[in-house]
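K.L.:
I'd like to ask some things about the structure below.
The values are calculated or read from the model by the stated rules, or taken from the named source; none is laboratory data. Model, not experiment: these values are computed from the prediction. With ideal geometry, Cβ positions are generated from the backbone for all residues, glycine too; neighbour counts draw on all protein chains shown.
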Amino acid sequence: MKSLVLFLMILAFAFWHYGVHFSVTILAISFLIFFHELGHFLVARFFGVRVNTFSVGFGEKIYTKRVGNTDYCLSAIPLGGYVQLKGQDDLDPNTKNYDHDSYNILSPIKRIAILFAGPFFNLLLAFFLYIAIGFMGVDKLAPNIGTVLPNSAALSAGLVKDDKILSINGVKINEWEDIKRQVSLSPLDLVVQRGDETLNIILTPKIGESINIFREKVEVPLIGISPNGDIIKVYHSGFSSLSYAFSQTVEASKLIYKGLEKLIIGAVPLKEMGGIVAMADITTKASQINLSVLFLIVALISVNLGVLNLLPLPVLDGGHIVFNLYEMIFRRPVNQRVFNALSYGSMMFLFALMAFTIFNDLLRLAGVYE
């Protein structure tokens, strides 16, 4: 009862703060959790494993519907979800069962398939969302020059304000980001539109200082130009939508791992870490812009859920996958005491991390962090 009351208080405050758009956030996050758990559920049932509970959210159950041998639940705290299989329970690592429909009688490779299915479904959902985004069109900065910096390669080569870059070294430029992908220290052959004229300009970028996505100062080859702020809509349809969706899913996954690396080495401060509050804040704001932006944010969150669940922490899918790999290699399961200690330790760590990120989010929303 206490968790339900707390959730309703938080929900009331969120609707008061954000308005009706917050309902989109609830639906989006709930669907992401549902889709993740659906992956586990479908593969478990494919291998004949009984699913005792399929819950969106955790804590006190608000609604339960029993179908066959499975309880389908909506629970009070929408910060996650779970599928509780017969013979497997993260809250009780000692749970074991060796009936014909139990998780425990499966071979390690089949258990790994069940475990991997959840994160895979998150990545698959992101892939489908990126396909939809490609068809709807993505707002991008046009490759139009707004400023030519002093003492730059662009100034020396004669580039001027309002020049439109059409291609670099024969590669068509559709948006501003395409320029960055083609820049290196070697000479560049630019085709530029200036008014009614089409010009060929040769220039060699210079090494300069830039700020990357993690707010680090890095030295990179620069032309020495900035965009004029014009926005264009870039579409990806047909087979182009598939390659766009695949590349965006891969890039988003790599970015998450890169971010974790930066956190571990201290390049990114811990105050930059965000949790469920930041996720809800960003999703709600995205829903107020347009459907394309909302899909983009939901796709990024879906990739995030998929990738982070593959981390080798015992109560996450990745941790259980590691345990099963150990059993495959050494022909015996992990010692039960070790398994229990790692599971409970990991659980405590994740709850502490969740509390820390929520605290960070609240400080950020309050304006304490700039």
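K.L.:
Please enumerate the residues belonging to the range 155-180 that are within 13 Å of PRO205 (Cα to Cα) and either within 36 Å of the chain's Cα centre (by Cα) or free of Cβ contacts under 8 Å to residues at least 24 places away in the same chain (or both).
P.N.:
Within the range 155-180, ILE168, ILE179, LYS180 qualify.
K.L.:
Within the range 262-300, can you find the residues that are without any contact (Cβ under 8 Å) to a residue 24 or more places away in the chain and loosely packed, with under 14 Cβ neighbours inside 10 Å?
P.N.:
Result: ILE264, ILE265, GLY266, PRO269, ILE289, ASN290.
K.L.:
Could I ask something else about it? Can you give me the number of residues within the range 75-92 that are of a type in the set (A, V, I, L, M, F, W, C), at pLDDT 80 or above and more than 20 Å from GLU327 (Cα to Cα)?
P.N.:
1
K.L.:
Here are the criteria: (1) under 19 Å from PHE31 (Cβ atoms); (2) modelled with pLDDT under 85. Tell me which single one THR95 does not satisfy.
P.N.:
Unmet condition: (1).
K.L.:
So for the range 242-254 (the condition being exposed (fewer than 13 other Cβ atoms within 10 Å of the Cβ) and more than 12 Å from the chain's Cα centre (by Cα)), does at least one residue qualify?
P.N.:
There is at least one residue in the range 242-254 that is exposed (fewer than 13 other Cβ atoms within 10 Å of the Cβ) and more than 12 Å from the chain's Cα centre (by Cα).
K.L.:
Residues that are within 30 Å of MET273 (Cβ to Cβ), at least 2 per element: which strands (runs of 3 or more DSSP E) completely within the range 134-248 meet that?
P.N.:
The strands (runs of 3 or more DSSP E) meeting that bar are 138-141, 206-211, 217-222.
K.L.:
Let me ask you something else. Assess whether TYR63 counts as being under 30 Å from LYS285 (Cα atoms), over 27 Å from the mean Cα position of the chain (by Cα), surrounded by fewer than 18 Cβ atoms within 10 Å (Cβ to Cβ) and of a type outside the set (Asp, Glu).
P.N.:
Criteria met by TYR63.
K.L.:
Say whether the condition of being under 30 Å from LEU270 (Cβ atoms), of a type outside the set (Gly, Ala, Ser) and in contact with a strand residue (DSSP E or B) (Cβ under 8 Å, 6 or more places away or on another chain) is met by at least one residue in the range 225-236.
P.N.:
We begin by selecting, within the range 225-236, every residue under 30 Å from LEU270 (Cβ atoms); these are none.
No - not one qualifying residue is present in the range 225-236.
K.L.:
Just checking: which of the helices (runs of 4 or more DSSP H) contained wholly in the range 286-370 hold 3 or more residues that are β-branched (Val, Ile, Thr) and within 29 Å of TYR130 (Cα to Cα)?
P.N.:
291-308
K.L.:
Oh, and also: When you check ALA267 against the structure, is it among the aliphatic types (A, V, I, L, M), in a loop (DSSP other than H, G, I, E, B) and not assigned by TED's automatic domain parsing to the domain that holds ILE179, yes or no?
P.N.:
yes
K.L.:
So which residues in the range 301-335 are of a type in the set (Ser, Thr, Tyr) and either farther than 30 Å from ASN104 by Cα or surrounded by fewer than 22 Cβ atoms within 10 Å (Cβ to Cβ) (or both), if there are any at all?
P.N.:
Residues of the range 301-335 that are of a type in the set (Ser, Thr, Tyr), as a first pass: 302, 326.
Listed by number, the list holds a single entry, TYR326.
K.L.:
Follow-up. Checking the structure you have, find out if any residue of the range 222-242 is under 28 Å from PHE121 (Cβ atoms) and among the charged types (D, E, K, R).
P.N.:
No.
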